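Have a look at the structure below, then the notes.
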Protein chains: 2
Amino acid sequence: MTETVSYLPSMGRLLYSLSDSACALAEEFLRPHDISLAQWVVLSALWGQDCLSVSALAEYSGKKTAALSRLLDRMESRGLVTRVSVVGDKRSVNIHLTKEGQELSHLIGMYKHVNGILLSDFSEEEQQQLFPMLERMLKNANGLAASS
Amino acid sequence: MTETVSYLPSMGRLLYSLSDSACALAEEFLRPHDISLAQWVVLSALWGQDCLSVSALAEYSGKKTAALSRLLDRMESRGLVTRVSVVGDKRSVNIHLTKEGQELSHLIGMYKHVNGILLSDFSEEEQQQLFPMLERMLKNANGLAASS
């Protein structure tokens, strides 16, 4: 017996499916480099600015400190980053890229690869319509007045 | 020291943030009813058609069978659904709503509530542009030719 359940016209569901598919594309791109998407997010921050505090990385990645700390443990074992104590404040550490972490900086282009697939048949004009609409939805979701 | 890391113009990141925010809005709506979003997804399928196979629910919810089975355990304990063996195939079970599960069917409107927040300042015309663009991105992500 085959049953098909029709989908609701739910924006939340559509966004969830899109996010899931975009993550899968990103993971597929990164797999040959043995880097997870979560690791790439941290690396992408450090490629922009080496030496960041754990709290800056937590804010950037949207992760809680405990989860980020476990992720940084794995990245340190993998030889991608090092923790360095802050001079004058021994309880604080900054995160630095290792040479291996720096050498992967060409992977910053991953998001352009994913954008390219998602938007492959979108005209420049359509892309210029779409991004601001998504930004407006995000502002609405987070309870901020739209800037327009 | 306050550091701010600027964001990349990544569609994947934007979709992830949007999906995350939409899920948070849904969970907030459902919390007073003691229903999780994952439970609501299963209930929404059954409100449309009571009595579905586990495999139909797995496809609808995008969950693997093992994860869905644990979810159904919790929903059964909570008195929302029951498992009923299929006549003539004792290894198969169908999922039915209980009276309590049926009585929550007004919560089907949750996705309209979330749509309403996300799209609060969108004109009808803008909404009619946006949904098909998101559907096209999903097709692109899943490797299907756009229908247009």
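We did not get these values from a lab; they are worked out from the coordinates using the rules stated. In this text the structure is predicted, and so the values were computed from the model without any measurement. With ideal geometry, Cβ positions are generated from the backbone for all residues, glycine too; neighbour counts draw on all protein chains shown.
How large is the convex hull of the Cα atoms of the protein assembly as shown per residue, expressed in Å³ as a whole number?
Per-residue hull volume (Cα only) is 180 Å³.
At q = 0.10, 0.14, 0.17 Å⁻¹, what log₁₀ I(q)/I(0) does chain A have when each alpha carbon counts as one equal point scatterer in the Debye sum?
Relative scattering, expressed as log10 I(q)/I(0), comes to -0.49, -0.87, -1.10.
Quick one, what does Rg over Rh come out to for region A:29-112 if you take C-alpha atoms and the Kirkwood Rh?
0.95
Just need the relative contact order of region B:1-122 here, percent rounded to a whole number, with Cα pairs under 8 Å and 6+ apart.
25 percent
Suppose we consider the axis relating copy B to copy A; can you name the residue of B with the nearest Cβ and state that distance in angstrom as an integer?
Axis relating chain B to chain A; nearest Cβ residue and distance: B:19, 2.
For residue A:49, which inter-copy label distances result when the label point lies 7 Å beyond Cα on the Cα-to-Cβ vector, reported in nm to one decimal and in ascending order?
5.3
How many nm is it between the label spots at residue A:67 and residue B:34, if each spot is 7 Å from the Cα in line with the beta carbon?
Label-label distance for residue A:67 and residue B:34, simple model: 2.7 nm.
What are the label-to-label distances in nm, one decimal and shortest first, from residue B:135 to the same spot in the other copies, with labels 7 Å along Cα to Cβ?
List, nearest first: 2.7 nm.
Under a point spin-label approximation (7 Å from Cα along Cα-to-Cβ), what is the residue A:51-residue A:90 distance to one decimal in nm?
Here the answer is 2.1 nm between the modelled labels.
Picking from A:91, A:74, A:83, which is most flexible by a Gaussian network model of chain A using Cα springs under 10 Å?
A:91
Can you give the calculated 222 nm mean residue ellipticity of chain A, where each DSSP H run of n ≥ 4 adds -39,500 (n - 2.57) and the sum is split over every residue, rounded to the nearest 500 deg cm²/dmol?
Numbers: 7 runs with 85 residues, N = 148.
Value at 222 nm, helices only: -18000 deg cm²/dmol.
When only C-alpha pairs under 8 Å and at least 6 residues apart count, what is the relative contact order of region A:48-94, in percent? Intermediate values should be presented prior to the final figure.
Working: 28 pairs, mean separation 16.5, N = 47.
So the answer I get is 35 percent.
If you look at just the Cα atoms of region B:94-143, how large are its Rg and its Dmax in Å?
16.3, 42
List the distances, in nm to one decimal, from the label point of residue A:88 to the label points of the same position in every other copy, shortest first, placing each label point 7 Å from Cα along the Cα-to-Cβ direction.
8.1
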